[in-house]
Amino acid sequence: MVDVARYFLNFLTEESCGKCTPCREGVHQMLGILKRITKGEGKEGDVETLEEMGEIIQKTSLCGLGQSAPNPLLSTLKYYRDEYEAHIRDKKCPGGVCKALITYRINADLCTGCHLCAKACPENCIAGELKQKHTIDASRCIKCNACYETCNVDAVERV
């Protein structure tokens with residue numbers, strides 16, 4: 001949901017006419033905070049700052065766009081606050097969509113050594129011989145999700 005709010009605010013920054021400061025600058029600033037959060041760089045107090053900014057923008061914008069611009073953010077904060085807190089406190093993305101907060105690993109108990117994940121990896125960061133357990137070099141992984149989508153036995157896990 002954090003990424004959903006980021007998506008909508010990104011769209012709204014492009015749609016703002018720029019006439020009033022609350023909409024033009026406020027939405028841009030909220031988007032910046034959300035981008036930091038989705039990169040794992042969020043800090044304590046960001047959620048409260050976003051709530052306060054959203055309410056101010058709603059009350060002080062001149063048009064309907066500005067007055068409703070914070071709604072996606074405020075709705076996700078209301079119903080999915082725990083996801084924001086997981087991004088900030090735990091540096092984890094419960095939805096598994098924020099690339100900076102995801103790591104991939106292969107569960108050795110499930111891996112059959114079929115080599116499909118290694119063939120799908122564009123960075124060749126999966127090691128292991130055919131019919132042997134495989135491993136992922138996280139330092140080289142670009143988090144493209146190809147290994148996860150290819151694995152037929154669900155041995156590749158997003159953490």
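The values are calculated or read from the model by the stated rules, or taken from the named source; none is laboratory data. Every value quoted in this text rests on a predicted model; they were computed, and no experiment measured them. Note that we place each Cβ from the backbone using ideal geometry, even for glycine, and neighbour counts take in every protein chain shown.
Some points to look at:
- Among all residues of the stretch 11-22, there is at least one that is at pLDDT below 95 and β-branched (Val, Ile, Thr).
- Pairs, first without any contact (Cβ under 8 Å) to a residue 12 or more places away in the chain in the stretch 16-40, second crowded, with 16+ Cβ neighbours inside 10 Å and not basic (Lys, Arg), C-beta under 8 Å, six or more apart: ARG24/SER16; ARG36/GLY42; ARG36/ASP46
- Subset of the stretch 96-127 that is within 18 Å of LYS39 (Cβ to Cβ) and of a type in the set (A, V, I, L, M, F, W, C) - its residue that is surrounded by the fewest Cβ atoms within 10 Å (Cβ to Cβ): ALA100
- ILE88 outside any loop (DSSP other than H, G, I, E, B) and either more than 22 Å from the chain's Cα centre (by Cα) or of a type in the set (Gly, Ala, Ser) (or both): no
- Flag if ALA86 is in the same structural domain as HIS28 (by TED's automatic domain parsing), surrounded by 13 or more Cβ atoms within 10 Å (Cβ to Cβ) and free of Cβ contacts under 8 Å to residues at least 24 places away in the same chain: yes
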